[in-house]
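The values are calculated or read from the model by the stated rules, or taken from the named source; none is laboratory data. Keep in mind the model is a prediction, meaning the values are calculated, not measured. Quick reminder, even Gly has a Cβ in these numbers, built from the backbone with ideal geometry, and neighbours come from all protein chains shown. Accessible surface areas use protein heavy atoms only, side chains included; no ligands, DNA or RNA. Shrake-Rupley method; radii C 1.70, N 1.55, O 1.52, S 1.80 Å.
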Amino acid sequence: GRSDTIMLARIDPTTYQITLVTVPRDTTVDIDGYANKINEVYRISGIEALAKEVESLTGVKIKYYFDTGFVEFENFINALGGITANVPIDMHLQDIVGGNDIALSAGSQDLDGAESLVLARVRKLYAYDLDACRQIQDRQIVEVAINKVAADPANLLTALSALADHTKTNWPSDGLKATVTNFVEHAS
């Protein structure tokens, strides 16, 4: 299908800061002379074409990408041992992977993979700015996962293995490991 979330991350190797920007999936782009949503690029041509479209849209050269589906997302979060995130409102949604109805109460809480996916996917329950609210939660999940890995250097290889097992990327594993290790060492 189409991409559900498109996020651009800037990793600064000097200041050790990571900046996340979400590209709204309904952003209009030209596909073969016709106006269409940017998430359609992924469906038609795949992750590499989507990365090129985001480059064109933002003017930022994209060196690496990560691509994950719903099942892999849940499995990655579970491999990390879950995350602690802030749920902004009471929410409920059927887990697209397991089929269970999942309800989350507002507030900070520990979430497993399925619960994290509900937090990432809910949008129609917000009173306004539905997709913008959803994008905030998507960025929160990525930030929380990054901070969890950075706070636990002893489990760095486990986290990298989980990332490799549950995402597709063009980032060579040695380079990814070196970058993440460098960041974790400076975060400690």
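General remarks:
- Part-to-part distance (alpha-carbon centres) for segment 104-183 and segment 1-60, which is given in Å: 18
- With the convex hull drawn around the C-alpha atoms of segment 61-161, the volume per residue stands at 110 Å³.
- From its DSSP helices (H runs of at least four residues, each -39,500 (n - 2.57)), the chain gives a residue-normalised ellipticity at 222 nm of -14000 deg cm²/dmol.
- Per-residue HN-Hα couplings for segment 98-109 [Karplus 6.51, -1.76, 1.60; θ = phi - 60°; Hz; x = Gly/Pro]: x, x, 6, 7, 10, 10, 10, 8, 4, x, 6, 7
- Segment 1-103 - percent of accessible surface contributed by carbon and sulfur, probe 1.4 Å: 49
- Taking amide H as placed 1.01 Å from N in the peptide plane, the amide H of LEU111 sits under 5 Å from that of ILE83, THR84, ALA85, each at least 5 places away or on another chain.
- Extreme residue, positive dipole direction of segment 86-132, given options GLY113, ALA127, GLY98 (C-beta unit charges): ALA127
- Counting only protein heavy atoms and a probe of 1.4 Å, the accessible surface of segment 137-186 is 56% carbon and sulfur.
- For the chain, averaging the sequence separation of C-alpha pairs within contact (under 8 Å, six or more residues apart) and dividing by the residue count gives a relative contact order of 20 percent.
- Surface accessible to a 1.4 Å probe, per residue, for the residues of the chain, Å²: 57
- Take 95-103, 48-56 and order them by the average number of nearby Cβ atoms within 10 Å per residue, most first; the result is 48-56, 95-103.
- Cβ-derived FRET efficiency at R0 22 Å, THR167 paired with GLN94, nearest 0.05: 0.40
- Equivalent ellipsoid, the chain (semi-axes from 5 times Cα gyration tensor eigenvalues, Å): 25, 24, 15
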